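So the structure is just underneath, and the comments pick up after that.
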Amino acid sequence: MSILNNTEELSIKDLSLGFSPGLRLFDHLNLSFPKQAIYTIIGTSGAGKTTFLNCLAGIQEMEQGTIYYRQKIFDPGQHKIGIVPQEYGLLPWHTVERAMCIHLRISQKEPRLSFLNRQKVKLLLEELQLYEKRKAYPNQLSGGQKQRLSLAKAFVIDPEMLLMDEPFSALDAFTREKVQRLFLKTWSDHPVLSLFVTHDIEEALLLGDHILLFTAQENFSSSIEMIENPLRNFSFTDKKLHPDFWKEVKNLRRRIGSDE
Amino acid sequence: MNKSIFLRKVTALVLAMVFISLLWYLAAGIVDKKILPDPVAVYLYLPSLFQRQLALHIVYSLFRVFSGMIISLISGFLIGLIMGSSVRWDKILDPILYLTYPIPKLALLPIVMLLFGLGESSKIIMIVLIVMPQVVMATRDAIRDIPARQYEVLRAIGATRIQLFKYVTFPASLYNVISTLRISLGTTLSVLFFTENYGTEFGMGYFIMDSWLRMDYRAMYGGIIVLSLIGVALFFLIDFAESYGMRWRKRV
């Protein structure tokens, strides 16, 4: 393994984790995330995709190992981490606007929001097409709107890392594509190291600059492989229309062994 | 609650009251005895009851109900909070709650009166004994039902324990607590009525039973109507608090 190099965003050294003595989910795992980019994570179920995100979020304790963020030891409690879960993670008693403001207030540890911050909330809501809905409560929003709010909340705090666990899997195909496009657009305005778990291989190719393949081995521990998305230089639409797109989907499907 | 819904609700209640009065009127006509006076006579008699300190009786009853409910709310919420957020405390307190819940609390009245005297405190304690365990359970169950995700999202951006309580735990349990208050209101008023028969000369319970003993049936029926109206008013108050505090539950 390489020595820490100076441009690395995030690296994981020697991570081990198991749920019982005989079963090791991660066994001396080393991984490095060199750039501020979107890393999509796909793999067989039970290969530890969510557990991996939980380690980074500080929800799951590691048995062994160190995480470095920009050459410093990473302590989840000291960093602003935006989480976008599948079930939106919204509080039903906060309106769209209030949810955004509370998120900002908590992350900035200040009781009041400055004018600049209010503008930021407004801008992001406009960007994610939620401004008209700013006075609405979550149960007055559609699935797509809820997920966009979840995204807006994550982006508004200028997070150092974005952890997304199958965020769009509950949406129907049309809504999903719209939210995917909006996500990419918002991301390019507010780039941040993003880890994006998905069970949808197409989504992994459409959104990720790099793709992490999690595969469960026979001894229950999982192997992780990072590949560069061959289509990363194309836009969302061009990727979809690219002659190699379906070939790559098929290729990835074979590699995680879900085509048998 | 918006205005037109409010008006519709009031109209429906007035109509229901007219209907019940009508049934009562018919029954009174059939029975035709002093023990069942017709509603018109009772309604007309109501104003004269105020010369017999009806207002003071009402104030006494309201004071007991409110004190009992507020004490139950605060102490029940705190205990429920402890049980909901600590597995260890839940293990210790849950069997106690489970064991004491089915005990008919009214049967404890003599003990409470022996220990706390015949005054106000034993009446309020009786209400607390009945309402508080329900608030405890409602709070605890509500807190247990909060998905861990809702905490994780906020914790990941650096929320303190106080912020988690303020933005997640407290609002999540509020709804359960308010609906519990509504359910226990009927029992609370029954207990109030019962306790007001002992050691006091004020309160609606005393007023009703006193009129009964003196065979002043119009006053007795009037007292029952006033006590019922107190119940309706409290119901309204809880409804109002709910629709104001829980706007987020409405789908528009």
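All conditions but one from (1) at positive phi; (2) within 14 Å of another protein chain (Cβ to nearest Cβ); (3) small (Gly, Ala, Ser) apply to B:ALA172; the one that does not is (1).
Filter the stretch A:72-130 down to the residues that are among the aliphatic types (A, V, I, L, M), assigned to a helix (DSSP H, G or I) and surrounded by fewer than 19 Cβ atoms within 10 Å (Cβ to Cβ) and list them by number.
Selection gives A:LEU116, A:LEU123.
Only residues that are surrounded by fewer than 19 Cβ atoms within 10 Å (Cβ to Cβ) and in contact with a His (Cβ under 8 Å, 6 or more places away or on another chain) were counted across the stretch A:152-210, and they come to 3.
Among the residues of the stretch B:139-155, is any in contact with a strand residue (DSSP E or B) (Cβ under 7 Å, 6 or more places away or on another chain), in the same structural domain as B:SER190 (by TED's automatic domain parsing) and of a type outside the set (S, T, N, Q)?
Yes, that holds for at least one residue.
Taking the conditions (1) under 28 Å from B:PHE235 (Cα atoms); (2) crowded, with 17+ Cβ neighbours inside 10 Å; (3) of a type outside the set (Gly, Ala, Ser) in turn, B:LEU154 satisfies each one other than (1). Scanning the stretch A:212-234 for residues that are surrounded by 12 or more Cβ atoms within 10 Å (Cβ to Cβ), among the polar types (S, T, N, Q) and more than 15 Å from A:GLY43 (Cβ to Cβ) gives a single hit, A:ASN229. All told, A:SER169 falls short of being more than 29 Å from A:LYS109 (Cβ to Cβ), within 14 Å of another protein chain (Cβ to nearest Cβ) and not charged (D, E, K, R). With the structure loaded, tell me whether B:SER243 is assigned to a helix (DSSP H, G or I) and farther than 17 Å from B:SER61 by Cα or whether it fails that test. It is true that B:SER243 is assigned to a helix (DSSP H, G or I) and farther than 17 Å from B:SER61 by Cα.
Residues in the stretch B:121-164 that are over 22 Å from B:TYR98 (Cα atoms), free of Cβ contacts under 8 Å to residues at least 60 places away in the same chain and not in a loop (DSSP other than H, G, I, E, B): how many? Total satisfying the criteria: 13.
If you check B:LEU181 against the conditions, is it more than 14 Å from chain A (Cβ to nearest Cβ), touching a helix residue (DSSP H, G or I) at 6+ places or on another chain (Cβ under 7 Å) and in a helix (DSSP H, G or I)? So B:LEU181 fits the description; yes. Checked against the criterion of being within 15 Å of A:ILE38 (Cβ to Cβ) and either modelled with pLDDT of 95 or more or in a helix (DSSP H, G or I) (or both), the candidates A:LEU149, A:LEU184 yield just one match: A:LEU184. One residue alone among A:ARG112, A:ARG98 is closer than 26 Å to B:ALA172 by Cα, within 11 Å of chain B (Cβ to nearest Cβ) and over 22 Å from the mean Cα position of the chain (by Cα), and that residue is A:ARG98.
Here is a yes/no grid of residues against (1) at positive phi; (2) of a type in the set (Asp, Glu):
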site: A:ILE106; (1), (2): no, no
site: A:GLN119; (1), (2): no, no
site: A:GLN129; (1), (2): yes, no
site: A:LEU141; (1), (2): no, no
site: A:GLY144; (1), (2): no, no
site: A:ALA152; (1), (2): no, no
site: A:GLU160; (1), (2): no, yes
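The values are calculated or read from the model by the stated rules, or taken from the named source; none is laboratory data. Nothing here was measured: the structure is a model prediction, and the numbers come from that model. A quick note on method: Cβ atoms are made from the backbone with ideal geometry, for glycine too, and the neighbour counts reach across all protein chains shown.
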